[in-house]
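Computed from the coordinates by the stated procedures, all read-outs in this text should not be read as laboratory data. Just so we're clear, the structure is a prediction, and the values are computed from it rather than from any experiment. Note that we place each Cβ from the backbone using ideal geometry, even for glycine, and neighbour counts take in every protein chain shown.
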Ligand code: A3P
């Protein structure tokens, strides 16, 4: 089927079905990561088939850590000549950000990677893959850049709970136990964060490391940094025209949530469809206090602290 984009890569089913499995949400353990069964195929296929291009920009994140926001901001920055951020006709005023920036893992899982080949350069894509699982051709490529966003892990668990509970039956207590063992989609989240953190420390000009809480505290400052990193810095004229603020406004939680877009089904093969609104729940820091007891929080914090010890990173 080589890359004609038709069939999902079911040639990996033997590999996938031999992997250890866990939790009711169907995760498989693949090279140290817990990946949903459907996505493992995409990971393997991407590792074997992804063809990088100079200028590729990959947005990385664990699920529920600000992916949608980062996709919107990056798209708005990159496409601002064609689509002025303040313009009424901007695609982000009618589409979900996931329909503006393609999801590499999903496309490879569905055998639709030809859609990536069809993109004009420089390409903007996103992934939930661990850094260690990325195709070497992009992870080690001096001509490709990665922007990573992560989030305080307890808030990630809470966000994940609200997102997944619409599609699967489990309690918050169950998800919490899985999270303590690292068994969340694309978990363990600490391994996910550490991989990109180390890559960013080693090559800060190629891997930008962002934190959701810091972005919320200073969105305009972060958009300026993002634009610079993506090779599209705001000029003095852009600044005078208030472009950074326009981008932030266009991509604000309220603005994006208010868009009436169709549901985001992702490509064929994925079992679940999510409503546009399900990507915009609360957009706040510290919602874990409404879901975890002090004991749960202490226990999870201790695990994360232990895993991050010595890395120079803390939450
Ligand atoms: P909450 O569930 O805590 O509200 P992802 O995009 O990786 O799935 O992450 C989803 C989280 O980002 C959700 O967190 C969601 O509300 C929040 N979010 C989505 N768009 C946002 C935006 N424009 N600004 C701030 N937060 C946003």
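Normalising by the residue count of the stretch 7-151, find the relative contact order in percent from Cα pairs under 8 Å and 6+ residues apart. Let's see the in-between values first.
Values: 209 pairs, mean separation 54.2, N = 145.
With pairs under 8 Å counted, the relative contact order is 37 percent.
Geometric descriptor of the stretch 215-315, per residue, is 199 Å³ (volume of the convex hull of the Cα atoms).
Summed over all non-identical Cα pairs, the Kirkwood treatment of the stretch 118-210 gives a radius of 14.8 Å.
Counting only C-alpha contacts under 8 Å and six or more residues apart, can you give the relative contact order of the chain as a whole percent? Display every interim value, and only then the final one.
On the way: 461 pairs, mean separation 75.9, N = 315.
Contact order relative to length: 24 percent.
Over 27 Å apart: what share of the alpha carbon pairs of the chain falls there, rounded to a whole percent? All intermediate terms of the calculation are to be shown ahead of the outcome.
Numbers: 20464 of 49455 pairs.
Across the chain, Cα pairs with separations above 27 Å total 41 percent.
Shown here are the Rg and Dmax of the Cα trace of the stretch 109-148, at 10.9, 28 Å. So in the chain, what percent of DSSP beta bridges are antiparallel if you round to the nearest 5? Roughly 35 percent of the DSSP beta bridges within the chain come out antiparallel.
Taking the helices alone, the chain has a mean residue ellipticity at 222 nm of -11500 deg cm²/dmol, built from -39,500 (n - 2.57) per DSSP H run of at least 4 residues and averaged over all its residues. Ordering 307, 145 from the fewest to the most neighbouring beta carbons within 10 Å gives 307, 145. Convex hull of alpha carbon positions in the stretch 80-157: directionally averaged projected area 7.5 nm².
Want the number for residue 163 to residue 31: 0.36 nm per residue separation, take away the alpha-carbon distance, what's left?
On the way: separation 132, 0.36 × 132 = 47.52 nm, distance 2.57 nm.
Length difference between fully extended and current span is 45.0 nm.
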